[in-house]
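Inspection log for the structure reproduced underneath, given as structure tokens.
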Ligand SMILES: [Zn+2]
Ligand SMILES: [Zn+2]
């Protein structure tokens, strides 16, 4: 059972050498190597429409699974979901091959507690804030920390609520099978669609391998890019920021500044024009009766946390945007 060796209340536990080696392969080497190999392949032979459709669908499932499932539901409890939806979101998040939900949530809760300070597992500001030090920090925040960290977040300390959930424990135990499914599913669909082994193979490559690598870089760009560049309309103790292209690729997660003000809020894109597809989908789940107790933003809270730069004309505009549509679910 996960967590048995993690008793004692310490925030972190040592990472074994074997586990670090596995992290190095799955979380660093393959996600860097696979797109590098895929680019000449795409250039030479192209990507057929069948593989493209399979890859895009697998991408959407993985990213929504991480954004809505692993992140907003299981890590931050932004809403409650009925059992079928919880299981589906857990499975979809597992498709991203970013670890079991308890491991993911434990690291992420520690990130929020110590964001950009001593104790944050992945702050880009770790080595300093200029030139090469920042570049090194961004690499660390993006994927480097997976290997360099000698200790990881203790699940017993950070996610006792998840460990107490029998469904989560079963999912953790079955996680290797979920990883297998993440690659077998696109291959099976490609094979059946084309009725050929070649079709299964190319769907495995594009919808399985390349998709998983791309999903990783997209997810981790929230940790590296959206803590370094971009706008910070709200006051936070950290350097979380909003980056539009990251938000679009992550289906809403790149509106990271407000998220650090109120981590349990189900909606991250709260200002005008900040499209948040994950929040919209949660709204649809709520309307369907599958999700309830959704924590939508409150306008007073939004206005109260605006960056206090009174001479900044942008502040007035941001206030207008909140009055316009920031509070509540996406309109
Ligand atoms: Zn963050
Ligand atoms: Zn978060």
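The values are calculated or read from the model by the stated rules, or taken from the named source; none is laboratory data. Everything numeric in this text was worked out from a predicted model, so none of it was measured. Glycine gets a Cβ as well: all are built from the backbone with ideal geometry, and neighbour counts include every protein chain shown.
Within the range 282-293, track down each residue that is in contact with a strand residue (DSSP E or B) (Cβ under 8 Å, 6 or more places away or on another chain) and under 18 Å from residue 268 (Cα atoms). Of everything in the range 282-293, those that are in contact with a strand residue (DSSP E or B) (Cβ under 8 Å, 6 or more places away or on another chain) and under 18 Å from residue 268 (Cα atoms) turn out to be 282, 285, 286, 291, 292, 293.
Has the range 191-210 got any residue that is within 16 Å of ligand 2 (Cβ to nearest atom), modelled with pLDDT of 95 or more and either outside any helix (DSSP H, G or I) or not assigned by TED's automatic domain parsing to the domain that holds residue 65 (or both)?
The answer is no; no qualifying residue exists.
Of all the numbered requirements in (1) within 16 Å of ligand 2 (Cβ to nearest atom); (2) in contact (Cβ under 8 Å) with a residue 12 or more places away in the chain; (3) more than 30 Å from residue 287 (Cα to Cα), residue 113 misses one, and that requirement is (2).
Just one of the listed residues (38, 105, 81) is under 17 Å from residue 282 (Cβ atoms) and touching a helix residue (DSSP H, G or I) at 6+ places or on another chain (Cβ under 9 Å), namely 81. Check the range 256-277 and report whether any residue there is assigned to a loop (DSSP other than H, G, I, E, B), surrounded by fewer than 20 Cβ atoms within 10 Å (Cβ to Cβ), at pLDDT 95 or above and more than 16 Å from ligand 2 (Cβ to nearest atom). Yes: the range 256-277 contains one or more residues that are assigned to a loop (DSSP other than H, G, I, E, B), surrounded by fewer than 20 Cβ atoms within 10 Å (Cβ to Cβ), at pLDDT 95 or above and more than 16 Å from ligand 2 (Cβ to nearest atom). You will find that of 247, 164, the residue that is without any contact (Cβ under 8 Å) to a residue 40 or more places away in the chain and crowded, with 20+ Cβ neighbours inside 10 Å is 247 and no other.
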